[in-house]
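Q: My structure is below; once you've seen it, I'll send some questions.
Bear in mind that the values in this text are calculations on the coordinates, not laboratory data. Predicted, not measured: the structure shown is a model, and the values here were computed from it. Cβ placement follows ideal geometry from the backbone for every residue including glycine, while neighbour counts extend to all protein chains displayed.
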Amino acid sequence: MRNFAYHRPTSLADAIDAASAQGADILAGGTTLVDLMKIGVREPDALVDITGLVDLEGYEIGSSRLRFGALARMAEVGDDKGLRAAAPVLAESLWKAASPQLRHAARLGGNILQRTRCPYFRDTAYAQCNKRAPGSGCAALDGGETKLHAILGGSDACVAMYPGDWAQALIAFDAEVMTQGPGGKRTIAFADLHVLPGETPEIETILQPGEIVTGITVPVIPALKASHYLKARDRESYAFATASAAVGVEMNGDTVVDVRIALGGVASVPWRAREAEDSLKGGPLTEDTARQAGHIAFAGAKALEGSAYKIKLGADVVAGALMTAKSRANGGQ
């Protein structure tokens with residue numbers, strides 16, 4: 001790790017000024033950034049530690065909207081009994097995201113901006129990685145190991161997978177992200193925050209230099225209470241998803257009034273499966289229709305040899321998550 005300057009501002013304005021400097025990275029929990037610095041993937045000239053901005057630590061479980069400060073800790077929010085009752089999918093996606101140690105250190109704003117776990121991105125011994133070294137090529141597309149790579153949203157330049165869990169719950173339920181930067185404040189639909197790799201996989205979000213995430217909001221709707229996050233992974237604890245689904249349903253008797261489906265572990269960005277949702281609205285939710293929705297969710301998948309297993313696995317995960325959500329809509333657990 002090479003030398004860098006360290007700033008710990010005590011005001012948001014000072015943090016924005018420091019973060020606007022060329023070569024500066026923002027440090028919150030540090031559970032991703034510090035790792036990348038240790039292995040030489042990130043070599044910032046300066047770190048802007050925003051953990052002193054205590055006004056960004058709070059959160060509120062309201063009756064019409066959930067509000068989360070960007071510096072709220074994953075563990076504290078995920079353990080909140082009010083959140084677990086009002087929005088099980090949010091609590092479950094935080095609980096299943098990492099080890100207790102990491103959840104106590106990691107912050108919500110940093111969580112949604114975490115970088116890919118693609119081995120070719122994280123190992124500088126591989127020269128080919130368009131996300132790390134634009135224009136160098138993609139080792140995964142050039143015959144490399146692709147077991148953990150995206151089958152949705154990839155491009156001819158990059159098939160790296162977005163690794164987060166909580167982001168799937170946020171995109172499924174129309175979350176918004178609040179930011180503040182040199183250009184002032186803005187509110188961004190979570191669905192617009194992340195950018196498909198296209199020909200520029202090094203650009204991952206629409207955030208501008210010096211722009212800091214300050215908070216996240218989620219509207220409270222009936223489907224949020226009857227929601228579930230289901231995660232398939234290589235081991236039961238502390239592993240990234242091979243396929244996951246964040247879902248919620250609102251039922252009127254046997255008829256689906258509203259349904260939300262987002263996919264994790266399979267796409268280059270947080271992924272909303274709207275066509276799968278449309279296939280269920282206005283009709284019954286049964287094991288057969290849930291499985292059909294799962295297949296529709298992956299109809300556009302483009303898998304490489306090592307990642308083809310995710311198509312069937314992902315469809316099964318969607319179906320299983322939907323049936324659990326239906327049970328919760330009917331008063332079950």
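Q: Does anyone have the angle between helix 309-329 and the longest principal axis of the chain? Alpha-carbon axes, 0 to 90°, nearest 10?
A: Taking Cα atoms only, the helix is inclined about 60 degrees.
Q: OK, next. If the only charges are +1 at each Lys and Arg Cβ and -1 at each Asp and Glu Cβ, what is the size of the charge dipole of the chain around the Cα centre, to the nearest 20 debye? Please report the intermediate quantities before stating the final value.
A: Values: 34 positive and 38 negative charges, 111 e Å.
For the chain, the charge dipole is close to 540 debye.
Q: Just want the answer: with Cβ charges of +1 for Lys and Arg and -1 for Asp and Glu, which residue in Ala140, Thr217, Val195 is farthest toward the dipole's positive end in the range 127-227?
A: So the residue we want is Thr217.
Q: I want the local charge near Thr217. Using Cβ-Cβ distances under 13 Å, sum +1 for each Lys or Arg and -1 for each Asp or Glu among the other residues.
A: With Lys, Arg at +1 and Asp, Glu at -1, the net is -1.
Q: What is the fewest-to-most order of Phe240, Phe68, Phe4 by other Cβ atoms lying within 10 Å of their Cβ?
A: Phe4, Phe240, Phe68
Q: Among Lys281/Lys326; Lys302/Lys326; Lys96/Lys231; Lys147/Lys302, which pairs are too far apart, with a Cα-Cα distance over 19 Å? Don't skip to the answer; put the middle values down first.
A: Details: Lys281/Lys326 13 Å; Lys302/Lys326 30 Å; Lys96/Lys231 8 Å; Lys147/Lys302 13 Å.
From the list (Lys281/Lys326; Lys302/Lys326; Lys96/Lys231; Lys147/Lys302), the Cα-Cα distance tops 19 Å for Lys302/Lys326.
Q: Among Val269, Val247, Val159, Val257, rank each residue by its count of other Cβ atoms within 10 Å, from fewest to most, as a rough exposure measure.
A: The most exposed by this proxy come first: Val257, Val269, Val159, Val247.
Q: Antiparallel as a % of all DSSP beta bridges within the chain, to the nearest 5?
A: 85 percent
Q: Taking the alpha-carbon distance from Lys185 and a cut-off under 19 Å, which aspartates and glutamates remain once sequence neighbours fewer than 8 residues away in the same chain are dropped?
A: Asp14, Asp17, Asp55, Glu57, Glu176, Glu211
Q: Taking Cα pairs under 8 Å and at least six residues apart, what relative contact order does the range 5-52 come out at, in percent?
A: Rounded, it is 56 percent for the range 5-52.
Q: Still on this structure, please answer the following. Against the longest principal axis of the chain, how steep is helix 287-297, in degrees 0 to 90 to the nearest 10, with axes from Cα atoms?
A: Its long axis makes an angle of about 30 degrees.
Q: Also, I was wondering about something else. Please work out the C-alpha center-to-center distance from the range 1-21 to the range 229-276 and express it in whole Å.
A: Distance between centres, Cα-based: 37 Å.
Q: Which whole-number percentage describes the relative contact order of the chain, with Cα contacts under 8 Å and a sequence gap of 6 or more? Don't skip to the answer; put the middle values down first.
A: On the way: 779 pairs, mean separation 55.9, N = 333.
This gives 17 percent for the chain.
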